[in-house]
Each structure stands twice: as structure tokens, then as C-alpha cells.
1. Taking only segment 226-267 into account, find how many residues are within 16 Å of the ligand (Cβ to nearest atom), hydroxyl-bearing (Ser, Thr, Tyr) and part of a helix (DSSP H, G or I).
2. Given the structure, is ASP56 away from the ligand (no atom under 16 Å from the Cβ), over 23 Å from ARG212 (Cα atoms), open to solvent by 10 Å² or more (accessible area, probe 1.4 Å) and not assigned by TED's automatic domain parsing to the domain that holds GLY139?
3. List the pairs whose first member sits in segment 122-145 and is closer than 14 Å to ASN86 by Cβ and β-branched (Val, Ile, Thr), whose second member is near the ligand (Cβ under 9 Å from one of its atoms) and outside any loop (DSSP other than H, G, I, E, B), and whose Cβ atoms are under 8 Å apart, counting only residues at least 6 apart or on separate chains?
4. What residue, among those in segment 286-304 that are part of a helix (DSSP H, G or I) and without any contact (Cβ under 8 Å) to a residue 60 or more places away in the chain, is nearest to the chain's Cα centre (by Cα)?
5. Taking segment 305-327 only, how many residues are open to solvent by less than 10 Å² (accessible area, probe 1.4 Å) and assigned to a helix (DSSP H, G or I)?
6. Taking segment 148-165 as the region of interest, how many residues are in a helix (DSSP H, G or I) and open to solvent by 30 Å² or more (accessible area, probe 1.4 Å)?
7. What number of residues within segment 61-80 satisfy the criterion of being of a type in the set (Val, Ile, Thr) and either open to solvent by less than 10 Å² (accessible area, probe 1.4 Å) or within 16 Å of the ligand (Cβ to nearest atom) (or both)?
8. Just to be sure before I move on: is ASN170 without any contact (Cβ under 8 Å) to a residue 24 or more places away in the chain and polar (S, T, N, Q) in the structure I sent?
Amino acid sequence: MRKCLLLAAVAVLALATACDDGSIKYEVEHTPTMGMSFWNAFQLNINEDLVKDQADAVVELGLADVGYKFINIDDGFQQPRDSAGNFQYNAELFPNGMRAVADYIHSLGLKAGIYTDAGDNTCGSENKYPYGLGTGMYGHEKEDCKLFFDEWDYDFIKIDFCGGQHAGLNEKDQYIKIGKAIKACDKKDIIFNVCRWRYPGTWVEDVATSWRTTYDIRPWFSRIKYIIEENLWLQAYTRNGHYNDCDMLEIGSQWPGSDAKLSHIEELTHMAYWCITSSPLIMGCDMRKVDSASLAVMMNKDLIAMNQDKLGLGAPVVQREGNVYVVAKDMEAIMGPKRAMVAMNLGEYPVQINVSVEALGFKGPIHLYDCYKHEDVEDYAPMTSFPLYLEPHGSAAFFVTGKRIEKTRYQAEESYMNHFCTLEGVFGPKYLTTESADLGMFVMGLGEKPDNWMEWNNVYSRKGGDYVATVRYAAMDTCGFTISVNGDTIKNVEGLYTGSACTSWDTANVKIKLKKGLNTIRLGRAKGPMCTVDYMDIKREEK
Ligand code: GLA
């Protein structure tokens, strides 16, 4: 049995323990939110009976028992404010009021969610449904929060930004203001989802539990592919119990007014990626119409376990072959014996790939458990690689167990960049693609000021000691980087040049010392541009 010793409190508001096999355990305060929302299936056509009926269905179908607890009312329940500016609900649609609906949801042992906008108008109202004009929070932050949480007793809120754009607001300032108003309520432990359809900046982690990273989901695979591809390099931002939100599930959904629907294979890929990346799992279908195959995908206990893992980690790409991505993350303990992996074929042709055991973080043999079939993979124990056949849009999901090896390659696209943001027109650090970079991805736009850095906070050494960090860089003009380890500046590397910012690469070596366990390595440059970075290799120094 593994023995674990208490470590100091870590940033995740939990106590971490170090185990005798070198692994580290902790538990985040919130695992990703699980529940359902009305938007995808019903859009603005909601009312009290529908909400209650769908909540009943969530319980009757056994979905609540596997974790889907939140019943989230989306856009469509509001009415213009009264002349004193007080928020109004539509009493024709919700005759007993919003508190009665929350009470009903709570009486089923579930949690209640509600929706608004950070600006003046809701998104639905801007699409020519005028009932939501002026119902957003702008100028009413404190009163609306008191109403939603202390008077109406809601547990979750999704806050959109259509009205914020309309009113020309700065998202950071406005969401921080709302975050303070939520914290000032008597009711505590409110789940706050920012809906800005882009990664809005690292400030969001201090404000919200989760944040939408992409435009709205639809039940066709090109949209699922877009969402996955956008999220592949946001994995460092899901941490400390705060999550990238890939949007609602389109499993069992049909697009209103059309026959667009995902195939079974596509539904599995969709669910598996949302689960391994620790996205909130918010069902978007009509619970009264969902068929048993889709239900089984949403209730897949192994994928849900992957999603609800207490480490709350994202899952970076560990192997890539064209349109096929293998993503993986630790489960239960950092550098423990168990990992989750999902391989996805986002392309249009069937493919066979060989998954590298080393890229997964193990020294063979490994044990594989199939999360789709809910059974161990029998007969062979892969030592170096194992083949996977993947249909177009298809995937495979496994729990992998075995002997862990220290990771040696830290990809730039796995790093956390302090000034990263994907809002339109914002300059600064970016994750970009090029065939000449390892795994096809790299970062640029760093340096020029002290806090414009990238860092890996998961650089693991089992024993600690002397290492060499090898940074693969590119530079169109002369550049450099400063490397620091656990807060100490180690070296300024200057005078680097390769002749191109992203096609011609070279490497620079720096000797570093790592402590036992997790280390943070930061690359930045206080003055002048930092080089483009593809990856950093960390190898124990040979004596
Ligand atoms: C935006 C959001 C959707 C939904 C609608 C409601 O489009 O991204 O998820 O909440 O607004 O109008």
C-alpha cells in the first residue's frame, strides 16, 4: 500500500500529501460542474413546467445519481426591469416565481442555476427577442446578486457578454466587479461561469469557477472539432479547481428545426474529450426524448470518473499524427501510477496509430483499461507502443497504469502564459502552429516586460538534483530569455538568432537544480523580445 505524508497547503485550498512512491495527492475544492441547461434544446422557449419536468427526468433517468446535479435555467425567463430598475422575471412563463422553481429543484436533491449578462442586454434579446433588453447586470450588480442568490436561492450563475459588448465594457473590470458582488452575498459556494466565448485572460481564474473558451456548440462534428482544437493549448489554464468550459454537451441533441445530430462515434469522442479535459458536463438535450444510446454515453461511469478526478487537471497533447491527437493527464495523484488517455481522430479518413508508452509517461509494460467497453484490455502488455485503429471522428479512451517515468519534454503549448488571452484584437503571447515545431505547436509574443512570461509549474523530479534544461527556440531578430527555477533567476541567455521566428530552430542549454517533487520553471525577458519557444527538455545531468 502507498503511504502518504502531509505536505504544506497548496494553492488549491487543499492539503497535499507526498506518497512514498514519489507521487503527490491533493483534492480540489470543486470538480467540474455537472448538470443540464435548457439552451441547446429549447433556446428561449422555457417555462416553469418545462423546468420542473426536465428536473424530474434527470432524477428518473438516474442522471442525478451519476453526478448531474445542476438544473440551469438559461436565457428566456426575464422581463424588462421596472421603472425603479428592479429585475423582473416573466410571470406568465413562471407564474410561481423563480424562488419556487429553485425550491422545487432543491426538493429533488438537485442544485439550481440561473443566467444573466455582464452588460445591459442578454444574448437572446439581441437576436430580436426584446424581453431581455436592459435585464443584464450592468449597473445592478449588487442588487441582482442579492436577488438571485439570497432571495431566490440559486447555486450557479452563467454570465454572458453580448450586452457587455453592446455597452462597450471591459470584460475584466466588469466580471471582477460581479465576482465581488457574488462574494458579498450571504449565500456562499456559488458556482460562477463566465461566458465570453474566448479565453479572456488569466484574471478569470480568480473570479470564476469556469469560463467558456469558444463560440456556441452545435450538434455537428466540425463544431466539436473546432472546440477541441481551440482547447488543446488551453490545458495549463484549467487548474486549482477552475476550469475551461468547452460548452454544453450536444449528446442526444438535435439542432432545433433540422435533423443535424452527432453519430454515436462522434458522441463518444465529444464526451471523452470533455471528460479528460475536465470541462463542465452540462447536458443540452431534451431529457424526455434522449435515446438509450446517448444516455449511456452521458452516463459512462469511467469517463465521468475521468472528469470528476480530484486533481482537476487539463490534458495536454502527448502525441500527434496529423489530425490524430493523443491527450493524457494524471489521475488520483500527480506522478502516481494511474493516468487517463484519449486518442481522437478529428480527420475524415480511418487511421491506425502506434501510441508511444513513453509519450504517455510510462516505462512499459503498462496495463490498459478500456473506458468505452468498461473492461481490461486483455492479452498483451505494451512495452514501447500499442496500435489503435480509429474511425473518422472516432476515439479510444483508456485508464493506463504502470511504472511512471520522469517527463523529459515540456511542450511550449503546455505552458501557462501570464498575459495570455484570446479576445479579438489583443496583442501579446500566442500559441501558434507550424509543421516544423514538435507536435506542430509553439509560442511567441513573450518578453518586453518583466511579467510577460511562460511557465511550467509541473516540472517533476523524483529525487531532485542537477539537470540540464534545453530550450528549443527560434528568432528572426536577436533575442534571448531569462530562465528561473522556483522563483530564482538562473541565467539570462542572450544573443540568440536563427533567421526565422518559426521555421528555423536551434537549442540553448542551461544547467539547473531541481528540488524533489514539483518545480516551477519560468522563461521570460524583462527587456527586449523573448525568443519563440517550441519546447524545453529537462534531463538529469550525467556525472
Ligand atoms: C450565448 C451563449 C449561449 C446561450 C445564449 C443565450 O450565445 O453562448 O450558451 O446562453 O447566449 O442567449
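The values are calculated or read from the model by the stated rules, or taken from the named source; none is laboratory data. These figures come from a predicted structure and were not determined experimentally. No Cβ is skipped: glycine too gets one built from the backbone with ideal geometry, and neighbour counts run over all protein chains shown. With ligands, DNA and RNA removed, areas are computed over all heavy atoms of the protein, side chains included. Shrake-Rupley method; radii C 1.70, N 1.55, O 1.52, S 1.80 Å.
1. Count: 1.
2. Here the answer is yes, as ASP56 does meet what is asked.
3. Close Cβ pairs satisfying both conditions: THR135/ASP117; THR135/SER125.
4. VAL297
5. Matching residues across segment 305-327 total 2.
6. 3
7. Residues that pass the stated criteria total 2.
8. Yes, satisfied.
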